[in-house]
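Student: Let me begin by handing over the structure; questions about it come next.
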Amino acid sequence: MAEPQIRFEDGAGYERMMGIWSRLAGDIFLDWLAPRPGLRWIDIGCGNGAFTERIVERAQPAEVQGIDPSEAQLAFARTRPAARVAEFRQGDAMALPFPAARFDAATMALVIFFVPDPTKGLAEMACVLAPGGIAAAYAWDILGGGFPLEPVLAGMREMDLKPVLPPSVGAARTEALLELWRGAGLEEVETREIAVTRGFADFEDFWSTALLGSSLRTRVDTMAPDEVAELKRRVHARLPADAAGRITVAARANAIKGRMPR
């Protein structure tokens, strides 16, 4: 039986599940990049436009192109206020539909581990950047326990249930990112860790939000009711609530940036 694949086809669901996380990390990421106004941006793997919107709101871009393989995600992105500036189109990170040296800044927000061949994806990113252009990315450190749904993944591992992970999950480790960026010929390469937290009204709020993730929903739907109940119990035990019943979840991403030679 083929391994299930992670596909995001619900823009509104993704917004509640991951879009909020993306903006929390994305704001820190943009502060770190400190881009000058008036740049031409490409947001590769833009999904439903959560991070693209932060570019439009905070970076004063001259142009933004968002590329993603999912038309359903792009349809949601086109309803955002960012669409007044950003253009969203279907495309593949490993075959970008733009000429060489077209952009000043290229980003992958929570994307690099979904690219089947990250080396090819970085080569495409570098190709569309003008001399001196910046290539940057951030991605959850899933293998290091930094994923926002790590409490669920940990519970599944305890039960010998195999979580569905992105195809290039190892590419998000800092050492892998450094190898990719340097291998693509980028200069002034720097990395940093981005740590964020998000509050939920209670455990059920967290659990229902987590199930909006396509891979987790697919896995849970194959489980017996008693297995689901046991998984919830284990996850709940990892997420202590405050006096009001609220829980706080922490996540951690690895970020990298570098410049094209001038």
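None of the figures in this text is laboratory data; all of them are computed from the coordinates on show. No experiment lies behind these values; they were computed from the predicted model shown. Cβ sites come from the backbone with ideal geometry, for glycine too, and all protein chains shown count toward neighbours.
Student: Relative contact order for the chain: what is it in percent, counting Cα pairs under 8 Å that are at least 6 residues apart?
Tutor: On the way: 519 pairs, mean separation 57.7, N = 262.
Value for the chain: 22 percent.
Student: Let me ask something additional. For Cα extents along the principal axes in Å, one of (1) 65, 64, 32; (2) 57, 40, 33; (3) 58, 35, 32 was computed from the structure I shared and the rest are decoys. Which label?
Tutor: (3)
Student: Peptides 27-39, 110-122: what's the order by average Cβ count within 10 Å, highest mean first? Present the calculation step by step, with values, prior to reporting the outcome.
Tutor: On the way: 27-39: 14.5, 110-122: 21.9.
Peptide ranking by packing, descending: 110-122, 27-39.
Student: Calculated FRET efficiency, GLU179 and ASP221, Cβ-Cβ r, R0 30 Å, to nearest 0.05? Show your work: numbers first, answer last.
Tutor: Working: r = 37 Å, r/R0 = 1.23.
E between GLU179 and ASP221, to the nearest 0.05, is 0.25.
Student: Could I ask something else about it? Hey, what number do you get for the chain at 222 nm if only DSSP H runs of n ≥ 4 count, each worth -39500 (n - 2.57), divided across all residues, to the nearest 500? List each step's numbers first, then the result.
Tutor: Numbers: 10 runs with 92 residues, N = 262.
Here the helix-only value at 222 nm equals -10000 deg cm²/dmol.
Student: Now, a different point. Aspartates and glutamates within cross-link reach of LYS232: Cα-Cα under 16 Å, excluding same-chain residues under 8 positions apart?
Tutor: Candidates past the 8-residue exclusion: GLU150, GLU158, ASP160, ASP202, GLU204, ASP205, ASP221.
Student: Further question on the same structure: Hey, can you grab everything whose amide H is under 5 Å from the amide H of LEU129? Only 5+ residues off in sequence or another chain; H modelled, so Pro and N-termini drop out.
Tutor: ALA101, ARG102, PHE103
Student: Next question. Tilt of helix 225-237 relative to the longest C-alpha principal axis of the chain, in degrees (0 to 90, nearest 10)?
Tutor: 70
Student: Please identify which residues in segment 132-164 have an amide N closer than 14 Å to a label point set 7 Å out from the Cα of GLU230, following the Cα→Cβ vector.
Tutor: Inside the label zone: 155-162.
Student: To the nearest 20 debye, what charge dipole does segment 28-172 have about its Cα centre, counting +1 at the Cβ of each Lys and Arg and -1 at the Cβ of each Asp and Glu?
Tutor: Values: 12 positive and 16 negative charges, 70 e Å.
It works out to roughly 340 debye.
Student: If packing is taken as the average number of other Cβ atoms within 10 Å across a peptide's residues, how do 246-257, 94-105, 134-145 rank, most packed first? Intermediate values should be presented prior to the final figure.
Tutor: Numbers: 246-257: 19.5, 94-105: 15.8, 134-145: 22.5.
Result, highest mean Cβ count within 10 Å first: 134-145, 246-257, 94-105.
Student: Moving on. For the residue pair ARG246 and ASP160, what label-to-label distance in nm results when each label sits 7 Å from Cα along the Cα-to-beta-carbon direction?
Tutor: Result for the modelled spin labels: 4.1 nm.
Student: OK, next. Need one number: nm distance between label points at ALA75 and GLU57, each 7 Å from Cα along Cα→Cβ, rounded to one decimal.
Tutor: It is 2.5 nm.
Student: Please give the charge dipole size of the chain, origin at the Cα centre, charges +1 on K and R Cβ atoms and -1 on D and E Cβ atoms. Round to the nearest 20 debye.
Tutor: Values: 30 positive and 35 negative charges, 99 e Å.
With Lys and Arg at +1 and Asp and Glu at -1, about 480 debye.
Student: So if I take the centroid of the Cα atoms in segment 187-253 and the same for segment 45-68, what is the distance between those two points in Å?
Tutor: If we compute the Cα centre of each part, the gap is 26 Å.
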